[in-house]
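One structure below.
The values are calculated or read from the model by the stated rules, or taken from the named source; none is laboratory data. This is a predicted model, so every value here is computed, not measured. Quick reminder, even Gly has a Cβ in these numbers, built from the backbone with ideal geometry, and neighbours come from all protein chains shown.
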Amino acid sequence: MAKRKRTGLVARGRFGGLAGCAASLMAAAVAYADGPVKLVGLVPIDDAQEPATQPPSAGGETRQPEGQDIMQVPLERLAEQPVQVPSLEQVVTTVSRQESTVGQSPTAVFVVTNDMIRRSGATSIPEALRMVPGLQVARIDSNKWAIGSRGFTERFVGKMLVQVDGRTVYNPINAGVYWDTQDLLLQDVDRIEVIRGPGATVWGANAVNGIINIISKDAKDTQGGMIFGGGGTEERGFGGFRYGGRSGDDVNYRVWGKWFERDNGFNPGGDARDDWRQGRGGFRMDWTASDCDTITLQGDLFEVTSGRRDSRPIDLAPDFSFTNTEDEISTGGDVLARWHREIAKQSDWTFQIYYDRFQRHSTEDLFAFDINTLDVDFQQQFPLTCRQQIVYGLGYRLNDMAFEGSTFDNGFSVGPSGEFTRDTDLFSAFVQDEITLVDERLSFTAGSKFEHNDFTGFEVQPTGRVLWTPDKRQSAWASVSRAVRIPALLEDMVEVGLLPTFPTEFPPGTPLPPGTPVFPRIVPNRDLDAEELIAYELGYRAQPTDAFSFDVAAFFNDYDRLFVSQARPALAPVPPPIVLPLRQENGDGAETYGIELAANYKVTECWRLYGQYTFLQMQIHPPGPEIFERRSPHNQIYVQSSWDLPCDLEFDLIGRYVDNLPDFDVDSYVALDARLGWKPCKSVEVAVVGQNLLDAAHPEFGSSPLLRSPLVEVERGVYGMITLKW
């Protein structure tokens, strides 16, 4: 990514009104019962009541008297003294495709750091995403996930763009992400940047409700060797290695590999058949070719086996359906090259090219597809005037796709049965202008993405964003954006058979013999228009003290032309079989609105608290898919408490509450995870992790009509892990 330097967030500031009240109330809510909270570096300015201060520290800083209670400090003086504000200084690159910080980002952005991943006990990327406010992360079964932001969550949600080191992993066949094939060595993940809300202005179509950008560490930061391994009740076994080295003074590299095997989930009706096995390896090389040029080359290979059990239609009596049990085998790899050149201060360019191959097939010949992607991208940033910073880019993507439906039933379950191919081209350009209206206080950002795709033609996705930073301790922002979701191959060319119904008459008024099946069938439509979103957002983030920070965002989303399936006349007037086509159409719209809140509090040097709350409301208009209103929770809560204990011990407790999902008959649930870590020396770490400790099993999500899988419950699990470094 192109880099843009920002000034450090160290300055004087002032709080008042609602901001100060919110900071005070939230800090008081998490204050611990053993005594008052001590503040460092804050001095009351009211001379008439100023207590005696302690002598200055070695660095000349006047310290607050021991035992100073946060509730005794005047609200208007909370930000009066110079302090560091690390929560606002966190580096991000996803917001504008240039290096910035959270505090300078006019959007709802959250960063999951490497240490947060480690202390959460997560063993996969989806598990690490649970701590992000505004994100719904639900496990369908042992190897399948539904991850979405601000509603419309499904396994293939179609409105979330996911990237790994600048390479998109959004699947153009199913309109989503196969999360069971997205994996990295978590120890080498630098951070995960998550944007809630549209980012289409710089990233393009399908970045509608959010963007997840997984960024790995530079090779220079992973020098030396590492091996790890472990296992447990659900995580049956896992292990991996990494070795990083250097060639001369200019080239750093690493190679790595990992594998794991995960057990089935719990199906009350029988075997869930959803076990999960994966092997993966890769490399990265970073070459500092000159003082101005950096070249990166990286790639990986993988093979994934994901178990599956579902019901499928068949046009033979007596049940007109069968239970399909199989493995889905995914293989593939990718290679990426990136050249970054710094021209001058705040002026640079980046050229990137990658090739990605992804294959997936079922062992029972239910379907098979192959995707080959070539992507070329160029971007540059430069100052246009002393108050304007321009970033623009050009891109081209070729998707070469081959698809084959179910061969054993001549395409009745998934069609067509014969293999067909489709090549799609995507041409794109974007430009964004950041204008400083008041130095270090007020800025306005305007820009748009211009794309031409083979499904809906030319699309424009503009945005306007305002950022106000009254001081370096706080920032407020507002935005209006347009984003689109274009059809995938599933909506454009693929037919999917659903389980039969047994009506007493068909069509209405025409009696049917008892037990006559009618087979609904989703059929494609090559004339679909893109789904459209107009999003309105407000946000405020602040760090009123060294120990406490919070971030709140509110949104209102107005959707139009949502994809729906509408009935058409039957393909055959009399049985057998009667097929009822459900054609993909552009329906009406929907509105969603909500609020997302996250807060961090460092109670003591050894105790930290983090929490987040999400509220979501959806209103979908007929003939839209009203069913989606009941697949996203209204309320979600996440709380994590982290202690650094004596004897190099770490103890983390994580609690989660998720509201019910009526459409799947999934009740609300509370989950508790715990992690105990020990570092007897710098090169050794041992950890024991318990997940979902409050009950033996509970469901988190259900099956869509396309999957037709049983309701699988997530089980309680415990695993141990040891890591060695040198």
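Brief remarks follow.
- Restricting attention to the stretch 676-725, the residues that are of a type outside the set (D, E, K, R) and either in a strand (DSSP E or B) or not assigned by TED's automatic domain parsing to the domain that holds GLY240 (or both) add up to 24.
- Selection count where residues are in contact with a Phe, Trp or Tyr (Cβ under 8 Å, 6 or more places away or on another chain), assigned to a loop (DSSP other than H, G, I, E, B) and closer than 30 Å to PRO462 by Cα, scope the stretch 489-525: 1
- Residue satisfying all of: in the stretch 630-651; at pLDDT 95 or above and of a type in the set (Ser, Thr, Tyr); surrounded by the fewest Cβ atoms within 10 Å (Cβ to Cβ) among these: SER641
- Picking from residues in the stretch 150-167 that are modelled with pLDDT under 95, touching an Asp or Glu at 6+ places or on another chain (Cβ under 9 Å) and not basic (Lys, Arg), the one that is surrounded by the fewest Cβ atoms within 10 Å (Cβ to Cβ) is GLY166.
- Any hit, the stretch 535-555, residues being at positive phi and assigned to a loop (DSSP other than H, G, I, E, B): no
- Residues that are within 10 Å of ASP648 (Cβ to Cβ) and of a type in the set (S, T, N, Q) within the stretch 679-696 are absent altogether.
- PRO313 being touching a residue at least 12 places away in the same chain (Cβ under 8 Å), of a type outside the set (A, V, I, L, M) and surrounded by fewer than 17 Cβ atoms within 10 Å (Cβ to Cβ): no
- Residue check, ARG277 modelled with pLDDT of 95 or more, more than 30 Å from GLY231 (Cα to Cα) and not polar (S, T, N, Q): no
- Residue among VAL688, VAL684, VAL718, VAL714 that is surrounded by fewer than 18 Cβ atoms within 10 Å (Cβ to Cβ), in contact with a Ser or Thr (Cβ under 9 Å, 6 or more places away or on another chain) and within 21 Å of ARG236 (Cβ to Cβ): VAL718
- Any hit, the stretch 221-230, residues being within 28 Å of VAL111 (Cβ to Cβ), surrounded by fewer than 21 Cβ atoms within 10 Å (Cβ to Cβ) and hydroxyl-bearing (Ser, Thr, Tyr): no
- Residues of the stretch 524-553 satisfying the condition of being of a type in the set (Val, Ile, Thr) and surrounded by fewer than 21 Cβ atoms within 10 Å (Cβ to Cβ): ILE534, VAL552
- Qualifying residue in the stretch 492-504 (condition: more than 30 Å from ALA368 (Cβ to Cβ) and either in contact with a His (Cβ under 9 Å, 6 or more places away or on another chain) or of a type in the set (D, E, K, R) (or both)): no
- Residue match in the stretch 400-419 (condition: among the acidic types (Asp, Glu), surrounded by fewer than 16 Cβ atoms within 10 Å (Cβ to Cβ) and modelled with pLDDT of 95 or more): yes
- Test: residue in the stretch 643-658 that is under 14 Å from HIS698 (Cβ atoms), outside any strand (DSSP E or B) and not small (Gly, Ala, Ser): no
- GLN636, sole failed condition from (1) in a strand (DSSP E or B); (2) over 24 Å from ARG196 (Cβ atoms); (3) in contact with a Ser or Thr (Cβ under 8 Å, 6 or more places away or on another chain): (2)
- Exclusive hit being surrounded by fewer than 20 Cβ atoms within 10 Å (Cβ to Cβ) and of a type outside the set (D, E, K, R), set GLY509, GLY497: GLY509
- Once the stretch 694-706 is narrowed to residues that are surrounded by fewer than 16 Cβ atoms within 10 Å (Cβ to Cβ) and of a type in the set (A, V, I, L, M, F, W, C), the residue that is nearest to ARG630 (Cα to Cα) is ALA697.
- Residue within the stretch 652-661 that is small (Gly, Ala, Ser), surrounded by 15 or more Cβ atoms within 10 Å (Cβ to Cβ) and in contact with a Lys or Arg (Cβ under 8 Å, 6 or more places away or on another chain) present: no
- Single match in LEU437, LEU467, LEU442 (criterion: surrounded by 15 or more Cβ atoms within 10 Å (Cβ to Cβ), touching a Ser or Thr at 6+ places or on another chain (Cβ under 8 Å), closer than 27 Å to PRO86 by Cα and assigned by TED's automatic domain parsing to the domain that holds ASP370): LEU467
- Qualifying residue in the stretch 212-225 (condition: part of a strand (DSSP E or B), more than 22 Å from the chain's Cα centre (by Cα) and more than 30 Å from ASP529 (Cα to Cα)): yes
Yes/no matrix, rows are residues, columns are (1) modelled with pLDDT of 95 or more; (2) closer than 20 Å to ASP663 by Cα; (3) not in a loop (DSSP other than H, G, I, E, B):
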residue: VAL579; (1), (2), (3): no, no, yes
residue: GLU585; (1), (2), (3): no, no, yes
residue: ILE595; (1), (2), (3): yes, no, yes
residue: ASN600; (1), (2), (3): yes, no, yes
residue: GLY611; (1), (2), (3): yes, no, yes
residue: LEU616; (1), (2), (3): yes, yes, yes
residue: PRO623; (1), (2), (3): no, yes, no
residue: PHE628; (1), (2), (3): no, yes, yes
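- The number of residues in the stretch 228-242 that are part of a strand (DSSP E or B) and under 19 Å from GLY265 (Cα atoms) comes to 6.
- Residues (without any contact (Cβ under 8 Å) to a residue 60 or more places away in the chain and among the aliphatic types (A, V, I, L, M)) located in the stretch 380-425: LEU384, ILE390, LEU394, LEU398, ALA402
- All positions within the stretch 353-370 that are surrounded by 17 or more Cβ atoms within 10 Å (Cβ to Cβ) and in contact with a Leu (Cβ under 7 Å, 6 or more places away or on another chain): TYR354
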